[in-house]
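First up is the structure itself, then whatever we jot down about it.
The values are calculated or read from the model by the stated rules, or taken from the named source; none is laboratory data. Source: prediction; values computed, not measured. Every residue, glycine as well, gets a Cβ built from its backbone with ideal geometry; the counts of neighbours run over all protein chains shown. Heads up: the accessible areas ignore ligands, DNA and RNA and are worked out on the full protein's heavy atoms, side chains in. Shrake-Rupley method; radii C 1.70, N 1.55, O 1.52, S 1.80 Å.
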Amino acid sequence: MAKRLRVGVIFGGRSGEHEVSIRSAASVIEAIDRKKYDVLPIAISREGKWLSPPDASQLLPQDAQSLLPAHVASAVRGDVAILGDPSHTGLLSFDRNGGALSSQGLDVVFPVLHGPFGEDGTLQGLLEMANVPYIGCGVLASACGMDKVAMKLLFLQAGLPICRYVWFLRSQWENDPSRVIKTIKREIGLSCFVKPANLGSSVGISKAVDKPSLERGINLAAQYDRKIIVEETVDAREIECAVIGNDEPTASLPGEYVVHDNSAGFLDYTEKYTKTGHVDFVVPAPVSKALSTRIQRMAIQAFQSVDAAGLARVDFFFKRDTKELLVNELNTMPGLTEVSGYPKMWAASGLSYTRMLDLLIELALDRHREKSRNKTTQS
């Protein structure tokens with residue numbers, strides 16, 4: 001029997017998407033093939049502390065905790081610092097006094113973190129330095145995929161159609177709010193969406209319809225990020241497509257959010273992550289075969305435009321009046337919860353959650369082997 005690979009699942013994190021990350025990690029742990037893999041949970045608290053596996057497991061729902069290997073509960077407890085050791089085991093645990101606790105000996109890491117300090121290239125950089133294979137996009141793609149402004153510039157460079165937008169810094173808003181409002185009115189209009197540039201899961205997003213709501217929306221977004229983006233309101237269907245792969249990615253059947261009754265006027269955090277009954281995620285999306293094929297093709301283009309790897313979800317607007325298809329954004333670590341679109345789209349495309357995880361692990365190991373071919377000296 002082949003040796004089980006040891007998979008480190010890192011979750012939580014110091015961002016507004018902490019809770020979504022925990023739910024995604026729980027779904028991964030519940031779906032992963034335990035005949036092939038041992039899972040080691042590693043949590044990052046809201047304050048940025050790295051928690052040992054037994055303490056990390058306490059953040060998970062009981063169902064997920066019961067599926068972890070028995071040795072997790074008996075491991076050393078307490079806050080730990082994770083340091084890279086690329087010459088030997090990859091990641092080492094140290095207690096706060098500098099004493100080595102244990103070698104994690106991880107074969108691959110699944111950084112199931114959403115938002116800043118996890119999905120934005122910071123954690124990916126740590127794993128690169130430690131020379132540990134990990135699932136998902138690298139440093140560049142993660143950083144560009146997190147920053148909506150950088151992402152849109154890359155989409156434009158790739159020739160992908162996007163909606164109109166403006167962006168500004170929190171300091172510019174605080175120093176001269178009238179000038180910012182004037183620019184938004186001129187370039188976008190007062191019917192718009194205000195977002196933190198570096199966040200996901202609809203955290204900190206609001207819809208503005210007049211000057212007071214615009215000011216409130218900017219103040220809200222400014223609580224989460226120093227960079228704020230304002231996008232035009234588009235009367236459109238919201239369609240998503242899942243992408244998986246490295247150099248030759250594949251796109252799933254597209255899915256669509258169908259809203260029945262939504263007082264927020266858009267898919268906010270509550271609508272996405274609670275079972276309100278106001279919204280359904282329909283997959284396959286009720287679109288023509290030609291449009292479905294076009295969505296898949298553009299999703300792969302968007303994926304490649306940021307040099308993504310492993311997985312990503314690409315979100316689209318399909319305008320109701322002109323029937324124009326716009327790329328909205330790309331998520332390099334999409335939600336993997338029980339209500340998330342990414343696994344649902346792959347399930348409808350014939351790829352189960354468990355097999356999807358197998359493939360993501362294979363892709364991570366393949367990418368690590370490919371990068372290991374690079375010379376690091378001039379000799």
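Taking the stretch 207-244 only, how many residues are within 15 Å of Leu190 (Cβ to Cβ), in a strand (DSSP E or B) and not hydrophobic (A, V, I, L, M, F, W, C)? Total satisfying the criteria: 3.
The set of residues in the stretch 152-164 that are closer than 10 Å to Asn328 by Cβ and open to solvent by less than 20 Å² (accessible area, probe 1.4 Å) comprises Lys152, Phe155, Cys163.
For the stretch 192-206, filtered to residues that are outside any loop (DSSP other than H, G, I, E, B) and of a type outside the set (Ser, Thr, Tyr), the residue that is farthest from Met333 (Cα to Cα) is Cys192.
Residues in the stretch 222-260 that are open to solvent by less than 50 Å² (accessible area, probe 1.4 Å) and of a type in the set (Ser, Thr, Tyr): Thr233, Ser252, Tyr257.
Which one of the conditions (1) part of a strand (DSSP E or B); (2) surrounded by fewer than 24 Cβ atoms within 10 Å (Cβ to Cβ) does Leu311 fail to meet, given that it meets all the rest? Result: Leu311 fails condition (2) only.
List the number of the failed condition for Ser292; all other conditions in (1) within 20 Å of Met146 (Cβ to Cβ); (2) modelled with pLDDT of 95 or more; (3) open to solvent by less than 40 Å² (accessible area, probe 1.4 Å) hold. It is condition (1) that Ser292 fails. Would you mind telling me which numbered condition in (1) at pLDDT 95 or above; (2) closer than 24 Å to Leu199 by Cβ Val282 fails? Condition not satisfied by Val282: (2).
Of all positions in the stretch 315-336, at least one carries a residue that is more than 28 Å from Val7 (Cα to Cα), in a strand (DSSP E or B), among the hydrophobic types (A, V, I, L, M, F, W, C) and open to solvent by 20 Å² or more (accessible area, probe 1.4 Å).
Residues that are in contact with a helix residue (DSSP H, G or I) (Cβ under 7 Å, 6 or more places away or on another chain), within 17 Å of Met356 (Cα to Cα) and either surrounded by fewer than 21 Cβ atoms within 10 Å (Cβ to Cβ) or of a type in the set (Val, Ile, Thr) (or both) within the stretch 8-35 comprise Val9, Val28, Ile29, Glu30, Ala31, Ile32, Asp33, listed in sequence order.
Filter the stretch 342-353 down to the residues that are of a type outside the set (Phe, Trp, Tyr), in contact with a Gly (Cβ under 7 Å, 6 or more places away or on another chain) and within 18 Å of Leu113 (Cβ to Cβ) and list them by number. Residues satisfying the conditions do not exist here.
In the stretch 190-205, is there at least one residue being over 27 Å from Gly118 (Cα atoms) and surrounded by 19 or more Cβ atoms within 10 Å (Cβ to Cβ)? Checked the stretch 190-205: at least one residue is over 27 Å from Gly118 (Cα atoms) and surrounded by 19 or more Cβ atoms within 10 Å (Cβ to Cβ).
Counting the residues of the stretch 337-347 that are of a type in the set (Lys, Arg) and open to solvent by less than 10 Å² (accessible area, probe 1.4 Å) gives 0.
Residues that are open to solvent by 10 Å² or more (accessible area, probe 1.4 Å), within 19 Å of Leu330 (Cβ to Cβ) and either of a type in the set (D, E, K, R) or outside any helix (DSSP H, G or I) (or both) within the stretch 122-147 comprise Tyr134, Asp147, listed in sequence order.
Apart from one condition, Ala290 fits all of (1) more than 19 Å from the chain's Cα centre (by Cα); (2) within 20 Å of Leu357 (Cβ to Cβ); the exception is (2). Among the residues of the stretch 36-74, just one is closer than 20 Å to Leu5 by Cβ, open to solvent by 30 Å² or more (accessible area, probe 1.4 Å) and touching a residue at least 40 places away in the same chain (Cβ under 8 Å), namely Lys36.
Touching a Pro at 6+ places or on another chain (Cβ under 6 Å) and either among the basic types (Lys, Arg) or open to solvent by less than 10 Å² (accessible area, probe 1.4 Å) (or both): does that describe Phe303? When the stated conditions are applied, Phe303 passes them. Report whether or not Gly350 is over 15 Å from Cys144 (Cα atoms), among the small types (Gly, Ala, Ser) and surrounded by fewer than 24 Cβ atoms within 10 Å (Cβ to Cβ). Here the answer is yes, as Gly350 does meet what is asked.
Is it the case that Ser263 is modelled with pLDDT under 95, at negative phi and of a type in the set (S, T, N, Q)? Yes; evaluated as a whole, the condition is true for this residue. Report yes if Leu363 is under 26 Å from Ala31 (Cα atoms) and buried (at least 24 other Cβ atoms within 10 Å of the Cβ), otherwise no. No; evaluated as a whole, the condition is false for this residue. For Ser379, the test of being outside any helix (DSSP H, G or I) and free of Cβ contacts under 8 Å to residues at least 40 places away in the same chain is passed.
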